[in-house]
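See below for the structure under consideration.
The values are calculated or read from the model by the stated rules, or taken from the named source; none is laboratory data. Bear in mind the structure is a predicted one, so any value in this text is a computation, not a measurement. Using ideal geometry, Cβ is built from the backbone for each residue, glycine included, and neighbour counts are taken over all protein chains shown. For accessibility, only protein heavy atoms count, side chains too; no ligands or nucleic acids. Shrake-Rupley method; radii C 1.70, N 1.55, O 1.52, S 1.80 Å.
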Amino acid sequence: IESVAAAVPQDSRLKFVLFGDGPDLEKAKALVVANQLTGTVVTPGHSAHVLRYMKGADILINPSLSEGLPNVVLEGMALRRAVIATNVGGVPELVEDGSSGLLVEPSDVPAMTDAILRLSKDRYTRERLGEAALRTVREKFTFEAQTDRLAELYAELIE
């Protein structure tokens, strides 16, 4: 929310949908109100329609402080969306910084703000990252690719 509050004055076209629920949702909603972002940030909480919203988005942002291998990032990449994510957990296995998305350090508000503004203003980079993201998913994260890698691992272990 802090990054959004810093980015919006520099690009008034920006609109955000914040999905998810949990203990920080009410705090996030309060920050939206406190930063006068009510018309800019929608906070539906948990939704069964996340993919529908992602299809209408230009950028997927995953600002987590900790992660495993986040499906939402894979889904955004599979939809050919440019991804901005924090450099935590398994995210660097999905997103190669500058190639298939942008990685920022967790809680680095200026870096997240810069990444948002960079992609909001540069359609070419958004499209390039989205294409690379889709290629990454197809090459490394389809069921077939995962099965092939697992079979290779078993073959190595057996030897």
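Here volume of the Cα convex hull per residue in Å³ was computed from the coordinates, and among (1) 112; (2) 134; (3) 122 the match is (3).
Once you order the gyration tensor axes a ≥ b ≥ c over the Cα atoms, which shape class does the range 86-129 get: rounded for a/c under 1.5, otherwise prolate or oblate by comparing a/b with b/c? Could you put the intermediate results ahead of the total?
Working: a/c = 3.77, a/b = 1.22, b/c = 3.09.
Verdict is oblate for the range 86-129.
Within the shell defined by Cβ-Cβ distances under 13 Å, the residues around residue 33 carry a net charge of +1, with Lys and Arg each +1 and Asp and Glu each -1. Backbone geometry of the range 2-10 corresponds, through the Karplus equation with coefficients 6.51, -1.76 and 1.60 at θ = phi - 60°, to 3J(HN,Hα) couplings of 4, 5, 4, 4, 7, 7, 4, x, 8 Hz, x marking Gly and Pro. The charge dipole of the chain, taken about its Cα centre with unit charges on the Cβ atoms of Lys, Arg (+1), Asp and Glu (-1) only, comes to about 920 debye. Straight-distance candidates among the lysines for linking to residue 27, with alpha-carbon spacing under 26 Å and chain neighbours fewer than 8 residues away dropped: 15.
Put simply, the convex hull of the Cα atoms in the range 1-48 casts, on average, a shadow of 3.3 nm².
Of interest is the spacing of the C-alpha centroids, which for the range 43-73 and the range 16-31 amounts to 12 Å.
Ranking 113, 7, 68 by Cα position along the charge dipole of the chain, where only Lys, Arg, Asp and Glu carry charges on their C-beta atoms, puts 7 farthest toward the positive end. The aspartates and glutamates whose alpha-carbon is closer than 17 Å to the alpha-carbon of residue 29, local same-chain residues fewer than 8 away aside, are 2, 21.
Rolled with a 1.4 Å probe across the full set of protein chains, the surface gives residue 51 an accessible area near 80 Å².
At 222 nm, what helix-only mean residue ellipticity would the chain give, in deg cm²/dmol to the nearest 500, using -39500 (n - 2.57) for each DSSP H run of four or more?
-15000 deg cm²/dmol
Provide the FRET efficiency to the nearest 0.05 for the residue 107-residue 154 pair, computing r from the beta carbons and using R0 = 41 Å. Before the final figure, lay out the partial values.
On the way: r = 39 Å, r/R0 = 0.96.
After rounding, the FRET efficiency stands at 0.55.
Just the accessible area per residue of the chain, please: how many Å² with a 1.4 Å probe? It would help to have the intermediate numbers written out before the result.
On the way: 9610 Å² over 159 residues.
About 60 Å² of surface per residue is accessible.
Atom-type composition of the exposed protein surface of the range 64-127 places 46 percent of the accessible area on carbon and sulfur (1.4 angstrom probe).
Close amide H contacts of residue 86 (hydrogens built in the peptide plane, cut-off under 5 Å, sequence separation of 5 or more or a different chain): 62, 64, 104. Descending by average beta-carbon neighbour count within 10 Å, the peptides 2-15, 24-37, 69-82 line up as 69-82, 2-15, 24-37, the highest first.
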